[in-house]
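Accompanying notes for the structure given below.
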Amino acid sequence: MSRLGFLVTTAAVLVVTSAAAHDHWINVGRYRSPQDGSLCCGESDGVLVPEAGVRVSPGGYTLPSGETIPFAEALVSEDGQFWRCKRPDGTRRCFFAPRGGT
């Protein structure tokens, strides 16, 4: 492959990768935090939380970190998985849970 061909291919891969992250369902849905109304996040600011690490209690969803998210602050996950979106300082902006919890 020529140097030009390599550069064109590399650029195309980077554009597709960036578009895929930007088009994550959380970003596309323009979800907002129930706490302060700020936009939730995209895949780059969000962390997939393994279902096995989430406990459902009367107070809400408890994550492996010990953080508990009240049910009233949980949004419905479009992909049936748990997601935690964070602010730059690491605090929670949004939390998504499958319909019906776990």
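So the values come out like this:
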{"read-out": "Test for VAL56: is it part of a strand (DSSP E or B), under 19 Å from ARG87 (Cβ atoms) and in contact (Cβ under 8 Å) with a residue 12 or more places away in the chain", "value": "no"}
{"read-out": "Scan of segment 35-66 for residues that are over 22 Å from HIS24 (Cβ atoms) and among the charged types (D, E, K, R), ordered by number", "value": "ARG55"}
{"read-out": "Condition check for GLY59: exposed (fewer than 12 other Cβ atoms within 10 Å of the Cβ), at pLDDT 70 or above, of a type outside the set (Val, Ile, Thr) and more than 17 Å from the chain's Cα centre (by Cα)", "value": "yes"}
{"read-out": "Selected residue (criterion: nearest to SER44 (Cα to Cα)) from residues of segment 62-102 that are exposed (fewer than 12 other Cβ atoms within 10 Å of the Cβ) and among the small types (Gly, Ala, Ser)", "value": "GLY90"}
{"read-out": "In segment 75-99, the residues that are within 19 Å of PRO58 (Cα to Cα) and touching a Cys at 6+ places or on another chain (Cβ under 9 Å)", "value": "LEU75, PHE95, PHE96"}
{"read-out": "Test: residue in segment 14-22 that is modelled with pLDDT of 90 or more, under 15 Å from the mean Cα position of the chain (by Cα) and not aromatic (Phe, Trp, Tyr)", "value": "no"}
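The values are calculated or read from the model by the stated rules, or taken from the named source; none is laboratory data. Please read all numbers here as calculations on a predicted model, not as lab measurements. Note that we place each Cβ from the backbone using ideal geometry, even for glycine, and neighbour counts take in every protein chain shown.
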